[in-house]
Amino acid sequence: MRIMQKHTVYFVLLISLLFTSFRPASAALFPRLGHRAVEEDMADMVAVEAPADTLDKLLEEMIDLRLRADSLQHLLDGMELSAIAEEQAAAERVAVDTLPTDDKFIKIVLYSDNTWQYVDYGRPVINDEIFGDHWDNENIHAYRDVTLKDIPDEVDILLVDSLHHAVAPFVGRVNSKYAFRSNVGREHQGTDIKLNTGDPVMAAFDGKVRIVASSSLTGGYGNLVVLRHSNGLETYYAHLSKVLVKENDLVAAGEVIAYGGSTGRSTGPHLHFETRYLGQTFDPERIFDFTTGALQDTILTLHKHYYSIYSHNSQSDTESLAASQRIVHTIRSGDTLGALARRYQTTVSAICRLNGIKSTTILRVGRRLIVR
């Protein structure tokens, strides 16, 4: 009886040592049991006396179990230290170079610790329906059969969200705004941003290249790139010195697509940037502040009167609507300011004020004047 009591005491001490001072390993060995459940089960076991040879066998098994638990704990400690070391190494390493792959949206990044990895820079999300309608690689203006009356009175254009980004094509001083140039009687259907020849020009939104054309084919535009975007807009980039993309390429917002220049009808290096919806132009400054590169809003609501060359971002909607209703007359042989004033029920001084001219200005055939 004393022997049995002695073994029972040893057994209790060993069980207590294993499951109270080494809880992490016991939890790993018995994942389905909580600590309290394990201790209660062991308490039930030691409450029952057993023959000495049985207890000796149990002691041997418990010693083996303790050794296995120690080994497991060492393994867990080693894994934890290894994970910490990897995190520290990742925090300390820096990218030192990138290498291109066959896919321009995937790069090989080289790190300072002599490791490397493939990095996906994000392939643009493209709306195939938009790119299937009026897709034309031959004609600069694809929507020639779409008239203003075919366009909704109001349409919301998504500029940015979690999947789509926007980047000003170039940040700089605006030399010429979207406006009717009364001095030459011609519409200026974009915004001119001053740059130096060779400055990078970036895609405004994710999209696809529809047109790449040289000066010999575009006339006044010079070297030209036209992009179509998933939000339904098209953007024009003109007077370029060098083009870096080709037709039907996918491009990401902010990707350098060309270098600025002074090709075509240009008096100096600048970017002529147009924004169009279904072929109709509107003031690009409704989207970007080109002096800062900031986006005006995340959504652009296009009203039909915005497509007028007399509608500008600086106007209120009421002013824009009134401006869009202006009447323009194309000068023909025999026209005089007095005759035009009588015909359109206005005054000579009013016509001069609207067009920035004098009453003595010679009216050349073909010139367009705002008459009311």
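Being in a loop (DSSP other than H, G, I, E, B), over 22 Å from residue 204 (Cα atoms) and either within 43 Å of the chain's Cα centre (by Cα) or among the aliphatic types (A, V, I, L, M) (or both): is that true of residue 363 here?
yes
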I'm checking my understanding of the structure. Among residues of segment 239-260 that are at positive phi and touching a residue at least 60 places away in the same chain (Cβ under 8 Å), which one is surrounded by the most Cβ atoms within 10 Å (Cβ to Cβ)? 254
Within segment 132-175, which residues are within 23 Å of residue 329 (Cα to Cα) and of a type in the set (S, T, N, Q)? 147
Pull up segment 60-74, narrow it to residues that are among the charged types (D, E, K, R) and touching a residue at least 40 places away in the same chain (Cβ under 8 Å), then point me to the one that is surrounded by the most Cβ atoms within 10 Å (Cβ to Cβ). 66
Okay, strands (runs of 3 or more DSSP E) sitting entirely in segment 128-247 with 1 or more residues that are farther than 15 Å from residue 258 by Cβ and of a type in the set (Phe, Trp, Tyr), I get 179-181
Taking residue 337, is it touching a strand residue (DSSP E or B) at 6+ places or on another chain (Cβ under 9 Å) and over 23 Å from residue 308 (Cα atoms)? yes
Can you spot a residue in segment 97-107 that is at negative phi, in contact with a Lys or Arg (Cβ under 6 Å, 6 or more places away or on another chain), assigned to a loop (DSSP other than H, G, I, E, B) and in contact (Cβ under 8 Å) with a residue 40 or more places away in the chain? yes
Filter segment 261-273 for residues that are surrounded by 20 or more Cβ atoms within 10 Å (Cβ to Cβ) and not hydroxyl-bearing (Ser, Thr, Tyr) and give the result. 261, 270, 271, 272, 273
Those residues of segment 307-340 that are among the hydrophobic types (A, V, I, L, M, F, W, C) and without any contact (Cβ under 8 Å) to a residue 24 or more places away in the chain come to a total of 4
Any residue at all in segment 309-317 that is touching a strand residue (DSSP E or B) at 6+ places or on another chain (Cβ under 8 Å) and surrounded by fewer than 17 Cβ atoms within 10 Å (Cβ to Cβ)? yes
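Any read-out appearing in this document is the output of simple, stated calculations on the displayed coordinates, not a laboratory observation. What you see is a predicted model; the values in this text were computed from it and never measured. Heads up, the Cβs are rebuilt from the backbone with ideal geometry, glycines too, and the neighbour counts pull from every protein chain shown.
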